[in-house]
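Colleague: Can you read through this structure? Questions will come right after.
The values are calculated or read from the model by the stated rules, or taken from the named source; none is laboratory data. These figures come from a predicted structure and were not determined experimentally. We place every Cβ from the backbone using ideal geometry, glycine too, and count neighbours over all the protein chains shown. With ligands, DNA and RNA removed, areas are computed over all heavy atoms of the protein, side chains included. Shrake-Rupley method; radii C 1.70, N 1.55, O 1.52, S 1.80 Å.
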Amino acid sequence: MDASTFFQNCVTGISLGSAYALIAIGYTMVYGILRLINFAHGDIFMMAGYFTIFAIVDFHMPWYIAIIFVIIATVLLGVAIERAAYKPLRESPRMSIMISAIGVSFLLENSATYLFSGLPRAFPELGFLQKVYHIGDISAPIVTFITPVVTIVILIALIYLVNHTKTGMAMRAASKDFEAAKLMGIEINHIITITFVIGCSLAAISAILYFSPRPMVYPFSGLMPGLKCFVAAVIGGIGNIPGAVVGGFIIGIAETFLVASFPSLSGYSDAFTFVLLIIMLLFRPTGLLGEKIAEKV
Amino acid sequence: MLKIENLHIHYGGIHALRGVSLDVPDGQIISLIGANGAGKSTTLKAIMSLIPMTDGRVSFDGTDITRMQTRDIVREGVVLCPEGRRVFPDLTIAENLTMGAYLRKDKESIAKDTKWVYDLFPRLLERKWQLAGTLSGGEQQMLAVGRALMSKPKLLMMDEPSLGLAPIIIKNIFEIIKEINQSGVNILLIEQNAKAALEISHYGYVVETGTIVLCGPGKELLTNDQVRKAYLGE
Ligand SMILES: Nc1ncnc2c1ncn2[C@@H]1O[C@H](COP(=O)(O)OP(=O)(O)OP(=O)(O)O)[C@@H](O)[C@H]1O
Ligand SMILES: [Mg+2]
């Protein structure tokens, strides 16, 4: 691999990793508060892809309005899922709510197939995002360069929110002890809603950034990215926001280089993610930035 | 004042409280004593709407708070310092206190109360930025009490504040409870340490298997034969 191919792969890998990171944050935040692996998260991401298509192609919205529309629609979908499928199970064993999440995942995939057909739909151009840009020997669509910047800005904002605002403090408090948090006057449902709003907005932003350099969206588009980002969250230490970002970068970059270095193995690039997961669980089950696992009492 | 009438609680098939009634008049310290599993903690949790009650009525300062949301009950001034400390381990001492004041907006009086809490427990001030999870048991208990005070209670309910503490700290805690009461906060106290609790209480109730079996002024209960045998180990 010569230098320019190397840098080209770096750029692609970092960009893919940033998109993964945004999805992984959603997994990790929901896990942090509900101890739930939201298996529907990848499908919410897929729906955001469709929302983008509807906004631009079917409703002819200008791109900047479309972005807002996609974020709002995705957030509404995510919050509705939480209300309908998770909230009624708040007092049930954790396994029930996991199974409900798997159910929602299937429901979204199958509804998308039924409503939008199983045929892939072309992903539209959003303003300037797909314009190809050159830096030295490296050329990529602008979106590839923007994605990491967006991710870092969002990460900084989130860290500020969680560590330095009263709402963030309440999120951290509730994530350890619902009952004690209630005794402070914290409204748990409110905190959970905020968590889903953040997670789904990030999934929406990620969908726009992820699908832009790709040709199309189909009902199972969320499946592999969803699983990989779940792995990213575990690798980073589930519940830990910077960890999810680190995990996202690792998977995105590793996957890109694997495919570039061993084209014959590219069919196995998805399997590779899970090999990483297994290695991680064997040697450091709490993830890179995760602390000791304290079960919620 | 707090008034509980005929409180019934079921845990699944278990009838844990069978018609508990009690009063906490203004300006007083009231104790609730009883053996393990008698239903003391259950009573306090029910008051806070943490568990649903089957029957009964709770009112505070004339307002019916029976089926209010926990946060609204806290707003009314009824605050529970729960059994087992339950401080937020990943938050610093200062942040835990901020959480105590979660519903309050009055910055100045929050600052005043923060200072008051640090005056009561200078230990907490020294360790302001330490994570609560790394504090010793006694320090966590001080924090739990301090955090409850930050909610600006009119009625502070404390569930076994002396549990697991060294005798010297226990003495300290009871002094502080008196001090809090003298500052105008009504107190409903649960204690295993029946003697120390009754000594500082204006009035006490004895719970056995979900019912009040005895009540009277603290001093009287201390000399009551039944209480002495069962709870004072004499
Ligand atoms: N969540 C629960 N589910 C089922 N039973 C419960 C639950 N919580 C308490 N109980 C039962 O209700 C009864 C009263 O419990 P409670 O915690 O009120 O006792 P307590 O008087 O506070 O005891 P201790 O002094 O040991 O703290 C006990 O028999 C207990 O086993
Ligand atoms: Mg108890």
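Colleague: Only residues of segment B:106-132 count here: report those whose backbone N is under 20 Å from the spot 7 Å along Cα→Cβ of B:Asp61, or say none.
Modeller: B:106-114
Colleague: Report the B-A buried area as the accessible area lost on both sides summed, probe 1.4 Å, in Å² to the nearest 100.
Modeller: 2100
Colleague: Moving to a separate point now. Please grab the % of Cα pairs in the protein assembly as shown that end up more than 34 Å from each other.
Modeller: Details: 67577 of 140715 pairs.
I get 48 percent for the Cα pairs in the protein assembly as shown exceeding 34 Å.
Colleague: Another one. Amide H neighbours of B:Thr92 under 5 Å, at least 5 residues apart or on other chains, H built in the peptide plane: list them.
Modeller: For B:Thr92, whose amide H was placed from the backbone, the distant partners under 5 Å are B:Ala132.
Colleague: Relative to the present Cα-Cα distance, how much length would full extension add between A:Arg83 and A:Phe128 at 0.36 nm per residue of separation?
Modeller: 12.5 nm
Colleague: Given labels modelled 7 Å from the Cα in the Cβ direction, how far is it in nm from A:Leu282 to B:Lys195?
Modeller: 6.1
Colleague: Across segment A:64-73, in residue order, what do the Karplus-derived ³J(HN,Hα) couplings come to in whole Hz, using 6.51 cos²θ - 1.76 cosθ + 1.60 with θ = phi - 60° and x for Gly and Pro?
Modeller: 6, 6, 4, 4, 5, 4, 5, 4, 5, 4
Colleague: Gap in Å between the Cα centre of segment A:169-234 and the Cα centre of segment B:87-112?
Modeller: Rounded to whole Å, the Cα centres lie 27 Å apart.
Colleague: Spelling out what I want: for every residue of segment B:87-92, take phi, set θ = phi - 60°, compute 6.51 cos²θ - 1.76 cosθ + 1.60 (Karplus), and round to whole Hz; glycine and proline get x.
Modeller: 6, 8, x, 8, 9, 6
Colleague: Also: Shape of segment B:101-165 from its Cα gyration tensor (a ≥ b ≥ c, root eigenvalues): rounded if a/c is under 1.5, otherwise prolate when a/b > b/c, or oblate?
Modeller: Here segment B:101-165 falls in the oblate category.
Colleague: What does the charge dipole of segment A:3-226 about its Cα centre add up to, to the nearest 20 debye, if the Cβ of each Lys and Arg holds +1 and the Cβ of each Asp and Glu holds -1?
Modeller: For this selection, approximately 360 debye.
Colleague: To continue, here is another question. So how long is each side of segment B:1-138 along the principal axes, counting just the alpha-carbon atoms, biggest first, in Å?
Modeller: The Cα atoms of segment B:1-138 stretch 45, 31, 25 Å along their principal axes.
Colleague: Here's something else I'd like to know. Could you please state, rounded to a whole Å, how far the C-alpha centre of segment B:125-187 is from the C-alpha centre of segment A:116-167?
Modeller: 49
Colleague: With an 8 Å cut-off on Cα pairs and a minimum separation of 6 or more residues, tell me the relative contact order of chain B in percent.
Modeller: With pairs under 8 Å counted, the relative contact order is 28 percent.
Colleague: Can you give the translational diffusion coefficient of segment A:3-226 in µm²/s, computed by Stokes-Einstein from the Kirkwood radius over Cα pairs at 20 °C and 1.002 mPa s?
Modeller: The estimated diffusion coefficient comes to 117 µm²/s.
Colleague: Hey, what did chain A get for relative contact order, percent, Cα under 8 Å, at least 6 apart?
Modeller: 35
Colleague: Using 7 Å Cα-to-Cβ label points, what is the B:Ile168/B:Ala35 separation (nm, one decimal)?
Modeller: My value for the distance between the label points is 3.5 nm.
Colleague: Moving to a separate point now. Using 1/(1 + (r/R0)^6) with R0 = 25 angstrom and r between the beta carbons of B:Asp72 and B:Lys128, what's the FRET efficiency to the nearest 0.05? Walk me through the numbers on the way to the answer.
Modeller: On the way: r = 31 Å, r/R0 = 1.22.
With a Förster radius of 25 Å, E is 0.25.
Colleague: Among A:Ala271, A:Ala19, A:Ala232, which one moves the most in a GNM of chain A with springs linking Cα atoms closer than 10 Å?
Modeller: The residue that fluctuates most here is A:Ala271.
Colleague: Still on this structure: Per-residue HN-Hα couplings for segment B:126-137, Karplus 6.51 cos²θ - 1.76 cosθ + 1.60 at θ = phi - 60°, whole Hz, x for Gly and Pro?
Modeller: In residue order, the calculated couplings are 4, 10, 2, 9, 7, 5, 4, x, 9, 7, 6, x Hz.
Colleague: Given B:Gly138, B:Leu44, B:Gly184, which one lies farthest toward the positive end of the charge dipole of chain B, if we put +1 on the Cβ of every Lys and Arg and -1 on the Cβ of every Asp and Glu?
Modeller: Final value for the positive-end residue is B:Gly138.
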